1. Exactly one condition in (1) assigned to a helix (DSSP H, G or I); (2) over 20 Å from the mean Cα position of the chain (by Cα); (3) in contact (Cβ under 8 Å) with a residue 60 or more places away in the chain is not met by Ile662; state its number.
2. Can you tell me which residues in region 576-591 are assigned to a helix (DSSP H, G or I) and touching a residue at least 60 places away in the same chain (Cβ under 8 Å)?
3. Residue under question is Glu70, and the condition is that it be surrounded by fewer than 16 Cβ atoms within 10 Å (Cβ to Cβ), touching a helix residue (DSSP H, G or I) at 6+ places or on another chain (Cβ under 8 Å) and modelled with pLDDT of 75 or more; does it hold?
4. Let me confirm something: among Ser387, Ser375, which residue is of a type in the set (Gly, Ala, Ser) and closer than 24 Å to Thr542 by Cβ?
5. Looking at the structure I just gave you, is Met525 in contact (Cβ under 8 Å) with a residue 40 or more places away in the chain and outside any helix (DSSP H, G or I)?
6. Just to be sure I understand, how many residues within region 563-585 are open to solvent by 50 Å² or more (accessible area, probe 1.4 Å) and more than 25 Å from Cys311 (Cα to Cα)?
7. So how many residues does region 361-403 have that are open to solvent by less than 60 Å² (accessible area, probe 1.4 Å) and over 30 Å from Arg530 (Cα atoms)?
8. Looking for something part of a helix (DSSP H, G or I) and more than 21 Å from Leu747 (Cα to Cα) - is there at least one such residue anywhere in region 239-258?
Amino acid sequence: MVVAAAILPELATQLVVPVAAAVGIAFAVLQWFLVSKVKVAPERRGEGSGSAGAGGGKDGASEYLIEEEEGLNDHNVVLKCAEIQTAISEGATSFLFTEYKYAGGFMTVFAVLIFVFLGSIEGFSTKSQPCHYSVGKTCKPALANAAFSTIAFVLGAVTSLVSGFLGMKIATYANARTTLEARKGVGKAFIVAFRSGAVMGFLLAASGLFVLYVAINLFGLYYGDDWEGLFEAITGYGLGGSSMALFGRVGGGIYTKTADVGADLVGKEERNIPEDDPRNPAVIADNVGDNVGDIAGMGSDLFGSYAESSCAALVVASISSFGINHEFTPMMYPLLISSVGIIACLITTLFATDFFEVKEVDQIEPALKKQLIISTAVMTVGIALVSWLGLPYTFTIFNFGAQKTVHSWQLFLCVAVGLWAGLVIGFITEYYTSNAYSPVQDVADSCRTGAATNVIFGLALGYKSVIIPIFAIAFSIFLSFSLAAMYGVAVAALGMLSTIATGLAIDAYGPISDNAGGIAEMAGMSHRIRERTDALDAAGNTTAAIGKGFAIGSAALVSLALFGAFVSRAGITTVDVLTPNVFIGLLVGAMLPYWFSAMTMKSVGSAALKMVEEVRRQFNTIPGLMEGTAKPDYATCVKISTDASTKEMIPPGALVMLTPLIVGTFFGVETLSGVLAGALVSGVQIAISASNTGGAWDNAKKYIEAGASEHAKSLGPKGSDCHKAAVIGDTIGDPLKDTSGPSLNILIKLMAVESLVFAPFFATYGGILFKYL
């Protein structure tokens, strides 16, 4: 079959991708520079009054600000903010270095495993081997594939770790600056928090794209025309990214919830002191946790999704007409989508930071939601452009042994349906987790009769919130697979992740605002400043839930695309659930998310028990702590969280990483295909339910605390029986929404990409037990 060439020439593609990545990195540096202009140091008296007058005039509070900023107290407050910021930054850095030591050890061991398993396929031979898909042609030796897969794995792992670390550094750099800007009005604080989130979003999106692009070109120098081997080796990049994300998500999640649960149970429930009160010994650990869990963990997670969806699409494309005919521009279609995504997100960001200014509290959440809508709309145009310029009108896509004829407009629809499904999932998540809507208000109302009914209502909400997202994912899968087989599913996942820079900016904004509120409380700033940071934080809670929805939805599509690539590479023609080998795998796979969740929940519970005991001990034994005349021992609580999380993240990590190796080696590829399918189907449901249940309980508590409506006032105030019931629900939900739920999407992706990387070994040597039975 003769196919027309793409309009965009190879040279233009070779320029577009790195230039887009460079623009993304430059934009991140610019945002960081603008944030750095806010100084975490006391201003001279004349400077302070000038800035107060300018900033306060807009908010109609200039007299208040001048009084606050010119007073002697201002000097002490700024110094206190700087001191707290340093403590949080040092705590987060210390934890990540400890975590990365464990992750580095794992990375080394697993890199050796990849090399040994894949190299042994042809007995570590350096001779060329027959190609798996292109019959009659020879491909590079298995040993070369083993070596390059290992290098790709290390590249992905290092990029994931660096992404998480830089995100944490930016967040801890911006938290106190957001607090100080809140003195000048909520709009100023919003800009600092959002710009800081944008630094992380654009750095991660651009660096992930650039490293993948460089790896493809460097590997290509050796592989030459063997694109089948080249892109099979590149899948190691996705495995490296996701394996590090697992440690970031699980370790960070255990850390943050250990501190949060300990601080809440003793501080709020027993001592009746406010959240982030400096008298609470666990308060620094709690604020550190926001950065290592919600920032570093989420960054690594979404990087892993991006890397895996790109790798899945590239693997399928390499054995389709793009790869067979060596058409470079269509082959790079997934990277072109990501390149246009960076530009689309850059335009979108300007709407929040430059084109429209947030002036009132009630404008914060709409401004963040508009980011999602604008980025989706702009990106739809971008996808149409890339599909027109970067694809031939007609081409063929590999479809389980056959070649399916596809048109460029069909691929456009696949990417667009993934993009818009992400928006639908985001807004459904918001509906079920924002206290502006009836589901969360009903959960809050159930607190009238105690914690038990609150828990019942919260669980019911989580289960119900699964329905529409699953229909959205199912529709995306059906349409994209019908149009372009598994390649369609892979690019649909990429479509959902194409606005990753904006999604991460919104997601990182939440923990930065949360930290800003904690710093305001600990620094003894006025109630008005705390109200502003609370307003920023409340919007951030909802956007964090939306971010988790995106991550879970994209994980489902990515996992299915990787599953399809694995089945093709392993030589499986059909996955028949009536076959005992497959069915037992299906049952075990569906059980794995429950086992994994049990491990992570128990880890948080055990560590939180130690934290509660330590916080109680300090309140009982340090004279003057409750009166505020003595300082708590923050360092001990930070150490409890660090020790617990690094120790407890290993068993869940081992479960995820060892399962495909054990099942593939001993039971074979058919049983492993059942395990992957079962884990995908049950894992997505549990992840959505857990995240939304926890988010709803959190916002039900905040709804009562804010007392913004007559209904909310009737449930409050803080310290009432209703509020105490809401705090219990929030505490139960913490490990659900920040540890188990978000980690599950890594479980389903990581098992699938690991199976794909090891597929050649499993296809050759797998099923040892069944061979001898």
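1. Condition (3) is where Ile662 drops out.
2. To start, the set of residues in region 576-591 that are assigned to a helix (DSSP H, G or I) comprises 580-591.
Within region 576-591, Asn581, Val582, Phe583, Ile584, Gly585, Leu586, Leu587, Val588, Gly589, Ala590, Met591 meet the criteria.
3. Working: surrounded by fewer than 16 Cβ atoms within 10 Å (Cβ to Cβ): yes; touching a helix residue (DSSP H, G or I) at 6+ places or on another chain (Cβ under 8 Å): yes; modelled with pLDDT of 75 or more: no.
No, not satisfied.
4. Values: Ser387 fails: closer than 24 Å to Thr542 by Cβ.
That would be Ser375, the only listed residue that is of a type in the set (Gly, Ala, Ser) and closer than 24 Å to Thr542 by Cβ.
5. Values: in contact (Cβ under 8 Å) with a residue 40 or more places away in the chain: yes; outside any helix (DSSP H, G or I): yes.
Yes; evaluated as a whole, the condition is true for this residue.
6. Summing the residues that are open to solvent by 50 Å² or more (accessible area, probe 1.4 Å) and more than 25 Å from Cys311 (Cα to Cα) in region 563-585 gives 6.
7. Step one: of region 361-403, the residues open to solvent by less than 60 Å² (accessible area, probe 1.4 Å) are 364-369, 371-372, 374-380, 382-384, 386-387, 389-392, 394-399, 402.
When the remaining residues are screened for being over 30 Å from Arg530 (Cα atoms), the result is 374-380, 382-384, 386-387, 389-392, 394-399, 402.
Here the count works out to 23.
8. Of all residues in region 239-258, those part of a helix (DSSP H, G or I) come to 239-258.
With the extra rule that they be more than 21 Å from Leu747 (Cα to Cα), the set shrinks to 258.
Yes, that holds for at least one residue.
The values are calculated or read from the model by the stated rules, or taken from the named source; none is laboratory data. Here the structure is a predicted model, which is why all the values come from computation and not from measurement. Don't worry about glycine lacking a Cβ; one is built from the backbone with ideal geometry, like all the others, and counts go over all protein chains shown. The area values use the complete protein model at the heavy-atom level, side chains included, leaving out ligands, DNA and RNA. Shrake-Rupley method; radii C 1.70, N 1.55, O 1.52, S 1.80 Å.
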